[in-house]
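Have a look at the structure below, then the notes.
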Amino acid sequence: KDSMLALHYLQSDPSYQIRKLLTNFSASTKTVSMHGVREALITRQAEALGLALDKMYHESTDYGQSLDAVLKNAINDGFTSVAYGDIFLEDLREYRDKQLERHQLTGVYPLWKKDTKMLVNDFIDLGYQSVIVCVNGSLLDQSFIGKTIDKDFLNSLPETVDPCGENGEFHSFVFDGPLFTNPVSFNLANISSKSYPKPTGAAGEEVLFWYGNLEEK
């Protein structure tokens, strides 16, 4: 949803020309990292948006090398900048900018430091539709999986959860909106869970995430 809103803003800005999208996938599962969305649905999403899609396959141990190869190709193809949907995570932006700087590319952040409540309401008011595919189980329960991001969804969020999920509270898949030529159809096949080690210094050993496994319809 954040990247979709960033794309919407940039498509409305005549100083930018969006030539292609980039999504990174786990090389072993062919799903988007953390979101868990399958490659086939991302391909259909890009087709509905009328944009070319570059796919980066990687494992956690070789992410940096895979990204370097993608950015090198971007330079060879004449790109000058890469856009992101980040809002306020300073360490993530710093990491991205360092990667880009090595390839003489510029980072573009259309949503940076904007109010997240304003952003998600703009996303909804513009007519975009997005389904929740992953939640941090320590903050939201599995009942949020499969919900559409709308005003009722926002009202159901605990006060401790950012309305854009910018702290990793939830992730989503955008399937329709004003830039789409057609909606991307899907079924929620099942709900699964996976535990990950907590960051160093955090209480407890693991954090549980719930995933909604989407299938093409």
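The values are calculated or read from the model by the stated rules, or taken from the named source; none is laboratory data. A quick note: this is a predicted structure, and the numbers were derived from the prediction, not measured. Methodologically, a virtual Cβ is constructed for each residue, glycine included, from the backbone with ideal geometry; neighbour enumeration extends over all protein chains shown. The area values use the complete protein model at the heavy-atom level, side chains included, leaving out ligands, DNA and RNA. Shrake-Rupley method; radii C 1.70, N 1.55, O 1.52, S 1.80 Å.
Hey, for a label at Y196 modelled as a point 7 Å past Cα toward Cβ, could you say which residues of the stretch 62-88 have their backbone N under 19 Å away? Zone members listed by number: 62-67, 85-88.
If you run the Gaussian network model on the chain, springs between alpha carbon atoms under 10 Å, then out of P183, P197, P110 the most flexible one is P197. The structure shown yields Rg/Rh (Cα atoms, Kirkwood Rh), and of the options (1) 1.01; (2) 0.98; (3) 0.94 that calculated value carries the label (3). In terms of distances greater than 23 angstrom between alpha carbons, the cross-link table entries K30/K98; K147/K198; K1/K114; K114/K151 yield K30/K98; K147/K198. With protein chains left intact and a 1.4 Å probe, residues in the chain average 53 Å² of accessible area per residue. Extending 7 Å from Cα along the Cβ direction at S138 and again at A189 yields two label points whose distance is 2.9 nm.
Helices in the chain, meaning DSSP H runs of at least 4 residues, each add -39500 (n - 2.57). Divided by all residues, the mean residue ellipticity at 222 nm is -9000 deg cm²/dmol.
Accessible area per residue was computed with a 1.4 Å probe on protein heavy atoms; W112 scores about 50 Å². If the chain linking R102 and Q11 were pulled fully straight, counting 0.36 nm for each residue of separation and taking away their Cα-Cα distance, it would gain 30.1 nm. The order of D152, D2 by accessible area, most exposed first and with a 1.4 Å probe, is D152, D2. Residues D176, D150, ordered by accessible area of protein heavy atoms at a 1.4 angstrom probe radius and largest first, appear as D150, D176.
Only beta bridges with both residues in the chain are counted; by DSSP, about 70 percent of them are antiparallel. Amide hydrogen proximity for L22: with H placed 1.01 Å from N in the peptide plane, the residues at 5 or more positions away or on another chain lying under 5 Å are D54.
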